[in-house]
Amino acid sequence: MMYYLKLYAATFVGFLAIDMVWLAFVARGFYKHHLGFLLSEQPNWWAAIVFYLLFIAGLLVFAVVPGLQAGSLRKALVLGAFFGLVAYATYDLTNLATVKKWPWIVTVVDMAWGTVLAASVTGIGYAVGRWLR
């Protein structure tokens, strides 16, 4: 159990580091430009934290651990990328379908980001998991 807690914690830290750089520096202007009419002054941190906790659990269950069990970084990365695509597509395609004036470019960029982010974090989790063993 301690192995999985350490793996979760390390993967969580990797996710936060990468996603915070994206949100704070890379995509901040992009989202403000395209979604400024919808953005809150302050994020709902509880909702963000719950998403992060669940997303990391999903990455571990559906990508990192299966990759470690198979001894295959490639398998882990493919599963992680697909998990990220599906998770981000759920949010973005639902918004595209239901939110008035939701920009399609946000959907495309966000889904691409979710794919890259999840694959990257899965790579971190896989490396940590191998190191911890």
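Quick rundown of the values:
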| read-out | value |
| --- | --- |
| Peptides 120-131, 45-56 ordered by average Cβ neighbours within 10 Å, highest first | 120-131, 45-56 |
| Spatially proximal aspartates and glutamates relative to residue 100 (Cα-Cα < 19 Å; intrachain offsets below 8 disregarded) | 92, 110 |
| FRET efficiency, residue 4 to residue 40 (Cβ-Cβ, R0 35 Å, nearest 0.05) | 0.55 |
| Span-like helix ranges in the chain, DSSP H, alpha carbon extent 24 angstrom or more, Kyte mean at least -1.0 | 2-21, 73-98, 104-132 |
| Lysines whose Cα lies under 16 Å from that of residue 101, excluding same-chain neighbours fewer than 8 positions away | 32 |
| For the chain, built as a Gaussian network whose Cα springs stay under 10 Å, the top-fluctuating residue of 119, 24, 87 | 24 |
| Separation of alpha-carbon centers, region 1-36 and region 94-133, rounded to whole Å | 10 Å |
| Cα→Cβ-extended label distance, 7 Å offset, between residue 132 and residue 47, nm | 3.0 nm |
| Label point distance in nm, residue 112-residue 95, each placed 7 Å from Cα along Cα→Cβ | 1.6 nm |
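Taken together, the values in this text are just the output of simple stated rules run on the coordinates, not laboratory data. Predicted model, so just to flag it, every value in this text is computed and none were measured. Quick reminder, even Gly has a Cβ in these numbers, built from the backbone with ideal geometry, and neighbours come from all protein chains shown.
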